[in-house]
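Student: The structure is given below, and queries will be raised subsequently.
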Amino acid sequence: MIPIKHIEKAPETDDELLLLFKSNGSQDVLAKLYLRYADLIYGTCLKYLKDGEAAKDAVMNIYQELVQKLPNHEVQNFKSWLYVLAKNHCLMQLRSAKKMVTVEFQPGLMQSENFEHLDTVLEREQDFKKLELCMERLPEEQRQSIKLFYLENKCYNEIVEQTGIDWGKVRSLIQNGRRNLKICMEKNG
């Protein structure tokens, strides 16, 4: 008779994943836990920020904040704690946005006789050409993730479904792609 080996089950509850993350700091474990509530976080951010792109950025920033804060906090109920973290993040963004100075729109300043506004249009066109060139230089997975996220307004979960790439890697591809585009644009400036 063959002895039956004891098979350990993978942690499934929030508390089990949280304990595992705190013990080994694994980003995969944290990403699995975070993904369970990614839609909740996006919905919360959308509710407060009222802008889809700002909400997507907030979801990414909240994950980074989570990585820093989670090891230092005793969390009893992860879902509730994460919701409060997301809400506070959005409220801080709204507060900082209020500090920005707004200027009254004056239509008379939009059109001028010397056609300086055409220079701006031409500069923008050159910037778009540089951006296209830099996009072509990105590695395929970065280019694909950047296009889906920024041009097709897909959220991380939709990109994961469409590409089959792991959520954490999608996040990394977008961040690295954005950084690489910025570097390329500056070099070709």
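Any read-out appearing in this document is the output of simple, stated calculations on the displayed coordinates, not a laboratory observation. All figures in this text were calculated on a predicted structure; none of them were measured in a lab.
Student: Averaging over all projection directions, find the projected area of the Cα convex hull of region 126-187 and quote it in nm² with one decimal place.
Tutor: 3.8 nm²
Student: To make sure I understand the rule: partners must be lysines, Cα under 22 Å from the Cα of LYS169, and not fewer than 8 residues away in the same chain. Which ones qualify?
Tutor: The qualifying lysines are LYS22, LYS32, LYS56, LYS69, LYS147, LYS154, LYS182.
Student: Binned at 10 Å from 0, what are the whole-percent values of the Cα-Cα distance distribution for region 14-97, short to long?
Tutor: It works out to 18, 53, 24, 5, in whole percents.
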